[in-house]
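The values are calculated or read from the model by the stated rules, or taken from the named source; none is laboratory data. Please read these numbers as outputs of a predicted model, since none were measured by experiment. Please note: Cβ atoms are built from the backbone with ideal geometry, for glycine as well, and neighbour counts cover all protein chains shown. Areas reflect the complete protein model, heavy atoms only, side chains present, ligands, DNA and RNA absent. Shrake-Rupley method; radii C 1.70, N 1.55, O 1.52, S 1.80 Å.
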Amino acid sequence: VAPYERPALSKAYLFPEGAARLPGFHVCVGSGGERLLPEWYKEKGIQLILSTEIVKADLPAKTLVSAAGETFKYQILIIATGSTVIRLTDFGVEGADAKNIFYLREIDDADKLLEAIKAKKNGKAVIVGGGYIGLELAAVMKINNFDVTMVYPEPWCMPRLFTPDIAAFYEEYYANKGVKIIKGTVAVGFTSDSNGEVKEVKLKDGRALEADIVVVGVGGRPLTRLFKGQVEEEKGGIKTDAFFKTSVPNVYAVGDLATFPLKLYNELRRVEHVDHARKSAEQAVKAIKASEEGKSVDEYDYLPYFYSRSFDLSWQFYGDNVGDTVLFGDSNPKSQKAKFGSYWIKDGKVVGAFLEGGTAEENQAIAKVAKLQPSVQSLEAV
């Protein structure tokens, strides 16, 4: 299919009512941009080649080869292969190849999960992982009337971003919705029935959980394999400059797999998020166009941004989650409309801001705070 907005797959695509479907979420409707339907490419003179996998890239020869043996020559290459999911079969987890164990990355994955939701109506779902996919899928499976259990090894959910205080709100909110949470252990094996369908999740702590459907969300890894040894890498991704140029002339890398200079914090970073995927692509194309016209563009000056929506909740985060934290607002999960946030303070400056239940204006305000990094005399003054 033509490029689409991946976040829809773990949210409205799986809803029992009012579900999102293509062409509703083609690129780049999620950021309020134009919706690029397949015919848009034709109108703009862009050749869109679908159902074609590139299996070999020869950067010195400026050549790509497809699985069907077709050769593509290029003058400028933009690498936008993104990430792929980490699978339990990669670690040899016993029984991890059973049917009805799902990963969510492509629209095909979502379609297969939807079929299973219909086939196993009101059944038991086990979610392996406590990050984005874990939290969003636990909510969506509950909305589909499944008995849901989440399992993750960390002491709290979304540990890469949430503080214990923030996580406590979401964990209790989910528990109030009937989602069971098992922390501090991992799935070490699966048993299946005579049809090869998963029926049980075995945990490291010795417990076994009944399951009709298992959804695994244990992270992703950048898809850099095609370019190994041909281009400079750093921090698991392809190293670029502030215009997303790689170490190879006329080769650019954008999105999840680009390790780029994050100007705001003066360090090289890789960001796995749809917002950066859109903005890095835009920056690369502007830079290419500018160099063709003998002009220049400003360096990429990105403010890290993450968000999620599940149940009636919606949070946004801007900046960096380092240093001391200050929680504010009403973070009682039993509140009719909980609304709270957190600031991160480092070296006497506010460097990050999080808000649950904010309006568009309030979310813009916390983005501004994270960008401007105002000084703070003491944590009490925040």
Set 229, 178, 217, 206: member being out of contact with any Lys or Arg (no Cβ under 6 Å at 6 or more places or on another chain), under 19 Å from residue 131 (Cβ atoms) and of a type outside the set (Asp, Glu): 217
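Can you pull out the residues in the stretch 108-146 that are in a loop (DSSP other than H, G, I, E, B), at negative phi and within 20 Å of the chain's Cα centre (by Cα)?
Restricting attention to the stretch 108-146, the residues satisfying the condition of being in a loop (DSSP other than H, G, I, E, B) are 120-123, 129-131, 144-146.
Pick out the ones that are also at negative phi and you get 120-121, 123, 130-131, 144, 146.
Result: 130, 131.
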Strands (runs of 3 or more DSSP E) lying entirely in the stretch 194-243 (those with 1 or more residues that are without any contact (Cβ under 8 Å) to a residue 24 or more places away in the chain): 198-203, 208-210
The stretch 148-193, subset in a helix (DSSP H, G or I) and of a type in the set (D, E, K, R), residue farthest from residue 127 (Cα to Cα): 165
Condition broken by residue 351, with the remaining ones in (1) open to solvent by 50 Å² or more (accessible area, probe 1.4 Å); (2) under 20 Å from residue 304 (Cα atoms) satisfied: (1)
Pairs where the first residue, in the stretch 142-160, is in the same structural domain as residue 211 (by the TED database) and the second is in a helix (DSSP H, G or I) and among the aromatic types (Phe, Trp, Tyr), C-beta under 7 Å, 6+ apart: 157/170
Residue within the stretch 309-322 that is surrounded by fewer than 18 Cβ atoms within 10 Å (Cβ to Cβ), under 23 Å from residue 11 (Cβ atoms) and touching a Lys or Arg at 6+ places or on another chain (Cβ under 8 Å) present: yes
Complete set of residues in the stretch 82-116 that are crowded, with 20+ Cβ neighbours inside 10 Å and of a type in the set (Val, Ile, Thr): 101
Meets criteria (surrounded by 22 or more Cβ atoms within 10 Å (Cβ to Cβ) and over 30 Å from residue 141 (Cβ atoms)) for residue 238: yes
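Take the residues in the stretch 63-75 that are assigned to a loop (DSSP other than H, G, I, E, B) and open to solvent by less than 70 Å² (accessible area, probe 1.4 Å), then tell me which one is nearest to residue 215 (Cα to Cα). Break it down stepwise before answering.
Narrowing the stretch 63-75 to residues assigned to a loop (DSSP other than H, G, I, E, B): 67-70, 74-75.
So of that shortlist, the ones also open to solvent by less than 70 Å² (accessible area, probe 1.4 Å) come out as 69, 74.
Numbers: 69: 35, 74: 39 Å.
Once the filter is applied, the top-ranked residue is 69.
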Criterion: at pLDDT 95 or above and under 21 Å from residue 93 (Cβ atoms) - qualifying residue of 179, 186, 231: 186
